Amino acid sequence: MARMLWKSKTLIGLIWIFLGLLAGAGVSMIPAVYRAEAVILVDGQKVPERYVASTVNADVQDRLATISQQILATNRLQKIIDTFHLYQRERARLPQEEIIETMRKDTKITLERGWSQDRTSAFRISYQGRDPATVADVANQIGNLFIEENLRTRENHAEGTSEFMEEQLQQAKKTLTDLEGHVEEYKLSHKGELPEQEGSLAGALSRAQIELQANQDAINRAGQSKALLSSSLSMAESTAKVLERTMAVRNSTPSAGAGGAVAPNSTALQAELDALRLRYTEEHPDIQRLEKLVVQARQSEKAARQEKASAAADSAAAASLNAPDAVVPDLLQQRERVAGLRTELGLASRELELRTAERKDIVGKIAAFQTRMDSLPVREQELTALSRDYEIAKANYKSLLDKRLSADMATDLERRQQGERFTMIDPAQPPAKPFSPDRLQWSALACGLSLLIALVVGMAREMKRNVLLGEWELPPDIAILGRITAIVPSAGARGV
């Protein structure tokens, strides 16, 4: 193979030189592409998060992806293209969609890692094009768009969170107010039956039972007094009737007395006196009065027996002179006593009626208190259900209120640009040398490719069918029978 290439060295050399020069010219004609980079720092929140917690908790990488989609949108890129008059040559032959896609390819976003591999501390925005000053301006413009979009996105996110928390807070407040109204309405409608009133109900029930016992005692005393007054009235009326009969006998005519008029019955008066002695002492006025009447009756009976022996005129005169003076004051006093006893009996009856009606009211109150006591478990269960929902709503309202206040503080933090933000620490500068192409590398590659093509052409020229260039091309097991020397044609033969 080496002899084959050596035999065609001239051809190979010419082809190599020609193709190398051609490739070098082509490489020199490739337009230069410049790339400018802007470095943007991810600056952390200024206020410690233990004081103000940010509502924007998305990862920087995720937010960068979102912002990149927004900035690299068609309308944004088209505005940049029109502002900096980019891709003037391509506009003549390419549609707008392909130009936009070309700019997206020319724009690169590269993340930089800080001390933690899981946290992005900075990122680079690069843009490549044919004019050094223009690519630097475009890179800076895109970087500024990232900074502005990040601020706007964070502020909108914080405001959206604050508005959402405000809506949730208002709904929670309405729910809390409704439940509070239900609890209040339930307590008003079941006043006196609430679990917290169990002590007062038990005390009221105990007092009512004591009052009932006192009322029962008063009823018993009123009944006894009424019975005693009734008995006294009956005896007083009987005594008055006896006195009236005695008065009638004493005031009767002598002929009627002599003719067998009936004297006062001392035996009946004595029986009545014995009955009073069972209840009263000897100092009682009724007993003393009856004792006088008994004595008078016995005297009357004795006088009646003596009338048969004495003269009618003397007996009548004695009766007319002595009896009225003894009987009339007692009769008047007894009538006054009967009237007083009747009055006292009426009062006792009225008191008994009042005590009975009062007992009925007390029994009704006790029944009502007992009913309330029996309904306490049911009221407690119902009130517990209402109170549980109310406490849950109250805790939810308090939690939402705290979150709303935190969201408002976070919104104010973003408006003051004290939260996490992007800062351009290294603006893009017009590059001094092109980013692409690498002419030295491309030239070396073109030179090597030209040499390869020349070698291939030289070998193809030397390779012919059924022609051996030397015995070295034969297999080692084939014997060589003879060798023919090279025949060099003479000058005359060449001319022929």
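The values are calculated or read from the model by the stated rules, or taken from the named source; none is laboratory data. If you're wondering where the values come from, they're calculated on a predicted model, not measured in any experiment. Cβ atoms come from the backbone with ideal geometry, glycine included; neighbour counts cover every protein chain shown. Ligands, DNA and RNA are stripped out before the accessible areas are found, and what is left, the full protein with its side chains, is counted by its heavy atoms. Shrake-Rupley method; radii C 1.70, N 1.55, O 1.52, S 1.80 Å.
Of all residues in the stretch 139-162, at least one satisfies being more than 27 Å from Val52 (Cβ to Cβ), open to solvent by 10 Å² or more (accessible area, probe 1.4 Å) and in contact with a Ser or Thr (Cβ under 9 Å, 6 or more places away or on another chain).
I'm trying to understand the selection: among the residues of the stretch 168-201, which are among the aliphatic types (A, V, I, L, M) and either touching a helix residue (DSSP H, G or I) at 6+ places or on another chain (Cβ under 7 Å) or modelled with pLDDT of 90 or more (or both)? I'd like the intermediate steps shown before the answer.
Our first condition is that a residue be among the aliphatic types (A, V, I, L, M); within the stretch 168-201, this holds for 169, 172, 176, 179, 183, 188, 194, 201.
Leu169, Ala172, Leu176, Leu179, Val183, Leu194, Leu201 - these are the residues of the stretch 168-201 that are among the aliphatic types (A, V, I, L, M) and either touching a helix residue (DSSP H, G or I) at 6+ places or on another chain (Cβ under 7 Å) or modelled with pLDDT of 90 or more (or both).
Against the conditions (1) in contact (Cβ under 8 Å) with a residue 60 or more places away in the chain; (2) more than 16 Å from Leu176 (Cα to Cα); (3) open to solvent by 50 Å² or more (accessible area, probe 1.4 Å); (4) part of a helix (DSSP H, G or I), Gln418 satisfies every one except (4).
Looking across the stretch 14-47, the residues that are in a strand (DSSP E or B) and not hydrophobic (A, V, I, L, M, F, W, C) come down to Tyr34, Arg35, Glu37, Asp43. Among the residues making up the stretch 48-71, those that are in a loop (DSSP other than H, G, I, E, B) and either surrounded by fewer than 17 Cβ atoms within 10 Å (Cβ to Cβ) or without any contact (Cβ under 8 Å) to a residue 24 or more places away in the chain (or both) are Pro48, Glu49, Arg50, Tyr51, Ala53, Asn57, Ala58, Asp59.
Here is a yes/no grid of residues against (1) open to solvent by 60 Å² or more (accessible area, probe 1.4 Å); (2) basic (Lys, Arg); (3) modelled with pLDDT under 80:
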residue: His284; (1), (2), (3): no, no, yes
residue: Arg298; (1), (2), (3): yes, yes, yes
residue: Lys302; (1), (2), (3): yes, yes, yes
residue: Ala311; (1), (2), (3): no, no, yes
residue: Ser349; (1), (2), (3): no, no, no
residue: Leu354; (1), (2), (3): yes, no, no
residue: Lys360; (1), (2), (3): yes, yes, no
residue: Ala367; (1), (2), (3): no, no, no
residue: Ala385; (1), (2), (3): no, no, no
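Filtered by the rule that a residue be open to solvent by 50 Å² or more (accessible area, probe 1.4 Å) and either in contact with a strand residue (DSSP E or B) (Cβ under 7 Å, 6 or more places away or on another chain) or touching a residue at least 40 places away in the same chain (Cβ under 8 Å) (or both), the stretch 387-415 gives Asp389, Lys394, Asn396, Tyr397, Leu401, Lys403, Ser406, Asp408, Met409, Arg415. Counting the residues of the stretch 68-96 that are within 19 Å of Asn140 (Cβ to Cβ) and over 59 Å from the mean Cα position of the chain (by Cα) gives 1.
For every residue, the table says whether it meets (1) surrounded by 15 or more Cβ atoms within 10 Å (Cβ to Cβ); (2) farther than 30 Å from Ala393 by Cα.
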| residue | (1), (2) |
| --- | --- |
| Arg91 | no, yes |
| Leu94 | no, yes |
| Ile100 | yes, yes |
| Ala172 | yes, no |
| Gly181 | no, no |
| Gln197 | yes, no |
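State yes or no: is Ile125 at pLDDT below 90 and touching an Asp or Glu at 6+ places or on another chain (Cβ under 8 Å)? Explain how you work it out, then say what you get.
Working: at pLDDT below 90: no; touching an Asp or Glu at 6+ places or on another chain (Cβ under 8 Å): yes.
Against the criterion (at pLDDT below 90 and touching an Asp or Glu at 6+ places or on another chain (Cβ under 8 Å)), Ile125 does not qualify.
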